[in-house]
C-alpha cells in the first residue's frame, strides 16, 4: 500500500455518489443538471462523505456508452467547481482516459475505473497525474454484463483478475490503489452475496478494499423491491457486513444513514 493512501483513514471511508447522468439506475437523472449535482455533492459532504465519486456515464445493466464529448460536458462543470472548494478528494468514475485526464487536470485525485485500468492510456494518465485509482472487476460491459454471468470459481476468478491488474498498474507508476470486486457487475444475486460473505479473502492482495452494494438490485431480490429507493435498509446491512469483513471504503448513495450505521460497525471492529 502507499505510505499515505486516500483509501485509508481512522474510520471506514464513505465515498458519496454523484451521478451527473439522465439514466442512473438509482436516481433516474435527478442530478443531471450541473447546479443540482453541485448542491447534492455539498449535501453529501455535510452528511459525512469522505470522498465524492462523480460520474457522467451510467453503468447500470444494459446501458449504452456515451461519447467522450458528452461525458466531459456532464462532469467538467461539476469537477471544476468542486475541486477547489469542497474539501474532500474527488474521484472521477470513468473508463475513458480523455475524461480522466481532463478531470485530473482540474483537480480530481482518484480515477475509479470499472474496466479495471485495462486501457494502457488510462494507466499512463493516472500515473502522469500521480492519481490514486480504484481497480474494479467486471465481467463483460455494462451493456452485456448481466447476460447469464457464469463462473467456475467466483472468488478465485475475481481475485485472479485483480491480482493481475494491481502489479500492472504499479509497474505503470500508479502507487495508491484500492480494489473493488465489482458487486453487481457481471454477477448474479448469489454471486454478490458470496462476495460479501467472503470479502475478507481479498485482503490477501495487499490493497484497501472498496465495495459498492448501495441500492443494487440483488438487495431488492430478497423482498421483491423493484424501486432502488426502497433498498436503504438492505444497503446499510450490506455496508456493515462489508466493513466487518474488512472493507476500507464503501461507495454509497445514502451518506448520512450509512455514516451512522458505520459508526457502530467501526466501534465493534476497533474494540
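The values are calculated or read from the model by the stated rules, or taken from the named source; none is laboratory data. These figures come from a predicted structure and were not determined experimentally. Here the Cβ positions follow ideal geometry from the backbone for every residue, glycine too, while neighbour counts run over all protein chains shown.
So, of the residues in segment 23-66 that are assigned to a loop (DSSP other than H, G, I, E, B) and at pLDDT 95 or above, which turns out to be nearest to residue 5 (Cα to Cα)? The extreme case among them is 50. Just one of the numbered conditions (1) farther than 19 Å from residue 51 by Cα; (2) buried (at least 17 other Cβ atoms within 10 Å of the Cβ); (3) within 18 Å of the chain's Cα centre (by Cα) is not true of residue 220: (3).
Scanning segment 223-232 for residues that are in a loop (DSSP other than H, G, I, E, B) and surrounded by fewer than 24 Cβ atoms within 10 Å (Cβ to Cβ) turns up 223, 224, 225, 226, 227. Residues in segment 169-196 that are out of contact with any strand residue (DSSP E or B) (no Cβ under 9 Å at 6 or more places or on another chain), in contact (Cβ under 8 Å) with a residue 24 or more places away in the chain and in a helix (DSSP H, G or I): 172, 189, 191, 192, 193, 194. Filtered by the rule that a residue be in contact with a helix residue (DSSP H, G or I) (Cβ under 9 Å, 6 or more places away or on another chain), surrounded by 20 or more Cβ atoms within 10 Å (Cβ to Cβ) and either within 13 Å of residue 71 (Cα to Cα) or touching a residue at least 60 places away in the same chain (Cβ under 8 Å) (or both), segment 38-59 gives 44, 49, 54, 55, 56, 57. Set side by side, the residues 154, 90 differ, and just one is surrounded by fewer than 24 Cβ atoms within 10 Å (Cβ to Cβ) and either within 27 Å of residue 45 (Cα to Cα) or in contact with a strand residue (DSSP E or B) (Cβ under 6 Å, 6 or more places away or on another chain) (or both), which is 90. Going by the structure shown, is residue 101 on the phi > 0 side of the Ramachandran plot and in contact with a helix residue (DSSP H, G or I) (Cβ under 9 Å, 6 or more places away or on another chain)? Judged against the criteria, residue 101 is not a match. Scoring residue 261 on the criteria (1) assigned to a helix (DSSP H, G or I); (2) touching a residue at least 24 places away in the same chain (Cβ under 8 Å); (3) over 16 Å from residue 13 (Cα atoms) leaves a single failure, condition (3). Scanning segment 233-258 for residues that are surrounded by 19 or more Cβ atoms within 10 Å (Cβ to Cβ), in contact (Cβ under 8 Å) with a residue 24 or more places away in the chain and either more than 17 Å from the chain's Cα centre (by Cα) or in a helix (DSSP H, G or I) (or both) returns 236, 238, 239, 240, 242, 243, 245, 255, 258.
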